[in-house]
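Some notes on the structure that comes next.
FYI, it's all coordinate maths here, none of it is from the lab. What you are looking at is a predicted structure, and each value in this text was computed from that prediction instead of being measured. Cβ sites come from the backbone with ideal geometry, for glycine too, and all protein chains shown count toward neighbours.
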Amino acid sequence: MLKYIKLFVALFAVIPVLLLTGCETNMVVFEPQGPVARSIMELINWSLMWMLLVVVVVFAMFGFIVWKYRERKENMNYEPPEEHGNTLFEIIWTAIPILIVIALIIPTVKTLYALEEVPEGYENEEPLTVHVTAADWKWIFSYPEQGIETVNYVNIPEDRPVNFKLTSAGTMQSFWVPALAGQKYAMAKMETQLILVAENPGSYVGKNSNFNGRGYTGMEFEVLAQTQQDFNQWIADVKNTAPVLTEEKYEEMLKPTHLGRLTFKNTHLAWVNHADEDAQTYTNPELYRYNGYQGKTFEEEDNYMNENSETESGDHHHEENHDDHGNHGGDDHGQH
Amino acid sequence: MGNIKWDEFFITGDPLILGAQVSIALTMLGVLFGLTYLKKWKWIWREWITTVDHKRIGIMYIIAAILMFFRGGIDGLLMKAQTSRPEMGLLSSQHYNEIFTTHGVIMILFMAMPFLIGLMNVVIPLQIGARDVAFPQLNALSFWLFFSGAMLFNISFVIGGSPDAGWTSYFPLAGKEFSPSIANNYYAIALQIAGIGTLMTGINFIVTILKMRTKGMTLMRMPMFTWTALVTSGIIVAAFPIFTVALALMKFDRLFGTHFFTVSSGGSDMLWANLFWLWGHPEVYIVALPAFGIFSEVIATFSRKQLFGYKSMVYATVGIALLSMVVWVHHFYTMGSGPGVNSFFSLTTMLIAVPTGIKIFNWLFTMRKGRIKLSSAMLWALAFIPTFTIGGVTGVMLAMGAADFQYHNTLFLVAHFHYVLIPGVVFAVFAGLYYWWPKMFGHMLNERLGKWHFWLFNIGFNVTFMPMFFLGLNGAVRRSYTYSAESGFAPLFLLSAIGSVILAAGFAVFCYNIYWSIRYADRNISSDPWDARTLEWATASPVQHYNFAKLPEVKSFDAFWQMKKNNEGLTLKDSEIEEIHMPSNSGQPFMMCVIFGVVGFFLVFEWFIPAAIASVGIIVGLIYRSFDYNDGYHIPVEEISKTESTWRNEKGEVHKHVG
Ligand code: HEM
Ligand SMILES: [Cu+2]
Ligand SMILES: [Cu+2]
């Protein structure tokens, strides 16, 4: 039995050590590249300290009590006393957690409010506004001031606040750049906002963290922070060389596919902003028929196809998509 | 129905699924053949399918839960295998999506809940000194509706297609706009049917615990498990109707084209998220609280000490229940509700740590000055404390709204809730099984195998889920079927996959332990093998169907312990025996199970006319039941006397029978 207990204690002793070393390894959340992500990391570190304290206290008490009062040959005659409780102890272990909660909630609230504002020290910089439209399964970035649009990558100037206005053309996504900031949901017909600053030029991974169907994995984008000069140069280049985004091309783009990088010298905001409550709906259920038994779908009045085409609706999907029914579960991203 | 698309009806083309189909067919044939060969049809109908005995219903819940654990566990292992290496090709993305969806739903609704409800069924009436629950036939109906829902959900992966929008089934993804296959109808309809059963269980247990307590069993003398069952039933009654409504709206959207949660025509995806979590968070406590109750019983018994701070435990339980209703927004801090709302919900969520902490310290102090016997049941309770502490502190970290912007939807979260659900529920049901097994079956589970089960499962569990915290902090998102080699995630994913194999080995030992113990364990054990404290041990093992020949009288907390100490109420005289009135068996709940299953199946496939016709059966069943005047039967005195003298006069038995 002794052997068991030793193993037991050893096993659980490893855990806080693992937790501790967590702060020193190269995890992206602990290597922030801007003030927003840094303020979250500081909050996390503050909480880790307290939580470690809790873990150490509970584990120590646990180890001590189990060790000391375990049944042994010598104490088989020992009959434990009847104890109902102890008011003093109970007050102590109610009060201490309350104090810890207070210690944690104050910085939490402060950070929550701060995250909605331009970070401290950057108030005087004019923020760059970028509209983000998430679609299955790509990220579309529109720069209204510069009048350009990119897909699956976004270039931003360093040391300047960027105000991402998030929306979705369909499913719900979560816009996350762990090195620079936390995440926010992007939802259709509404707008959320995420502000961040990149302190250094560099390339950072951004991704969707909210599951949104078959092509969810790999719905990533690159955030490239550049010097203001490089950024201006890039804008100028795009204006000169990039193609024009047409409405047809845009509708094609919204279909459920994985795309590479694209760049355009105008933005789709000219004809639709999916954040508007009464924007047209760009859904197309027929393109999602790839698993199992197919149910019926419904015509929607506010669908974009109602106006500009008479052939798109109806029942012809079935012939069209029949062939890919057989590969239920087949990983055929982008075949549509 | 004229145009059934047979080519889409059965899921084909995947060797894994084909294998599953074949094995399901073979198992079913095997069971049918076995029953026929052993001439057990009558027996299974009379003794099990039509039973209204709370103990047998409890055992059926537990068997179903173990089977569902198996199914959900295979899902878990498949996911771990798929992510063990970068760019693995074992599962496609669609298949992975289906698997984590069914894993989550099955583990929570068809494993954790029935497991605990099963133990509640077996134990609660005994603990309060009652002969059955308040509404025995309703109890059977609860079970059969749960079973109907569970089976309907499980056939989805061979017929029609598995739900694939996550256990949270977020809209608009789960709506027809993005999921036109009928697969997600299974989610809405199967959970609806099972949910009705759960709601009735909640009502049944509230009434049972409030009305059926034996003489002297005041509320503040009730065992902790009974208290937690009462509070859990309260949460069920408060929270399940929300889910019922949400699922109904989901069905309207999917089957009839309404716009509650759609993108088009003014639906709101956030409405679903709110309704879902208004139920979903309390749901976590529906399973956690009874588990806390089990640990309280086990820790007190094996420390040979009364539960420390009983009163504060009761208040803490009620406090957790109340708080659990006002924290749901912590599941979507990132939805942009603003810092004010997020601050409020950060605070309420963190406050749950206070009553939970009270519980942890009370358990520790129950053991202090005790004599801790490291039986298998107790080992699970012990391991629970440190592992659940990790689940708890990471929960507080997630509760901090601003920090959650980095943890949300990552494997950090997945690790956290497994650290809560596995110690908090799975360890508890294991502890409960080792502890109450002799009560249910009259023999113990093997302690040596129990230790193997414990160590393998525990080590496996920690190795599987500890790495996920770090993966999450390094940016690994949840529900992703693969990752690139450059991401740097590979080593920890591999470690985690190795852990899951150890975990599975532990579960296998558990199954073997059941088999071994049924075959070989010693049947000659006393009715109170653990020297326990509460009333379920104040009668035979296995318990005779009327539970108590004479209802025990309670004079204090830990009633049975005091009875043994004062040598009171342990002896039964012939003169004290009276006829006992018991409810009759009924086949109706099972019939309802079949009818609900058929209606549900038609609805899943959107065949409305057959569904309408079949649902007439439900109405007929209700009418039939209203005119059912069978009010049970009486057990004659001689039969009771005979049963009682048999078990009471065995050697080493603390109970006595005198003629
Ligand atoms: C037995 C061992 C288990 C293993 C190996 C396991 C493994 C996993 C894995 C790999 C995931 C998906 C991670 C991802 O997002 O990609 C997952 C999700 C989940 N698990 Fe488990 N799990 C186990 C037990 C349990 C238990 C006992 C419960 C509940 C009582 C549970 C509840 C869940 C839930 C609710 C999800 C989320 C599903 C979703 O994302 O929709 N799991 N599990
Ligand atoms: Cu929204
Ligand atoms: Cu919650």
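Tell me, B:LEU38, B:LEU449 in order of fewest to most beta-carbon neighbours within 10 Å?
Lowest to highest Cβ neighbour count: B:LEU38, B:LEU449.
Sort B:553-562, B:40-49, A:182-191 by packing, meaning the average of other beta carbons within 10 Å per residue, with the highest value first.
The densest-packed peptide leads the list: A:182-191, B:553-562, B:40-49.
Using only Cα atoms, locate the centre of the range B:547-590 and the centre of the range B:177-219, then give the distance between them in Å, rounded to an integer.
What the calculation gives is 28 Å, centre to centre.
Going Cα to Cα from A:LYS207, which lysines come in below 30 Å? Please leave out same-chain ones fewer than 8 positions away.
By straight Cα distance, A:LYS207 reaches A:LYS110, A:LYS138, A:LYS165, A:LYS184, A:LYS189, A:LYS239, A:LYS249, A:LYS255, A:LYS265, B:LYS80, B:LYS176.
Just counting partner chain Cβ atoms within 10 Å, what average do the residues of peptide B:391-398 show around their Cβ?
Neighbouring Cβ atoms belonging to other protein chains average 4 per residue here.
Write out the trypsin sites (Lys or Arg not before Pro) in the range B:600-659 meeting two conditions: DSSP loop, and at most 14 other Cβ atoms within 10 Å of their Cβ.
Those satisfying the criteria are B:LYS651.
For the protein assembly as shown, what are Rg and Dmax over the alpha carbons, in angstrom?
29.7, 106
Restricting attention to the range B:564-646, which GluC sites (Glu not before Pro) occupy a DSSP loop and are surrounded by at most 14 other Cβ atoms within 10 Å?
B:GLU568, B:GLU578, B:GLU579
Cut-off under 22 Å on the C-alpha distance; same-chain residues fewer than 8 positions from B:LYS305 excluded. Which lysines are left, in chain and number order?
Output for B:LYS305: A:LYS68, A:LYS73, B:LYS359, B:LYS369, B:LYS373, B:LYS439, B:LYS555, B:LYS564, B:LYS565.
Could I get the Rg over Rh figure for the range B:358-421? Both from C-alpha atoms, Rh via Kirkwood, rounded to two places.
For the range B:358-421, the value is 1.12.
Report, as an integer, the average count of C-beta atoms from other chains found within 10 Å of each Cβ along A:186-197.
Average per residue, whole number: 3.
Okay, helix-only estimate at 222 nm for the protein assembly as shown: each DSSP H run of n ≥ 4 adds -39500 (n - 2.57), divide by all residues, round to 500 deg cm²/dmol; what do you get?
Roughly -18000 deg cm²/dmol at 222 nm, from the helical runs in the protein assembly as shown.
Taking the beta-carbon count within 10 Å as an exposure proxy, list B:MET335, B:MET224, A:MET49 from fewest neighbours to most.
By the 10 Å Cβ count, ascending: A:MET49, B:MET335, B:MET224.
When ranked by the protection proxy of mean other Cβ atoms within 10 Å per residue, highest first, what sequence do the peptides B:179-185, B:461-467, A:263-269 form?
So the order, starting with the most tightly packed, is B:179-185, B:461-467, A:263-269.
Restricting things to Cα coordinates, could you compute the convex hull volume per residue of the range B:6-647 in Å³?
Dividing the Cα hull volume of the range B:6-647 by its residue count gives 156 Å³.
Take peptide B:337-344, look around each residue's Cβ out to 10 angstrom, count Cβ atoms belonging to other protein chains, and average those counts.
Mean partner-chain Cβ count within 10 Å for B:337-344: 4.
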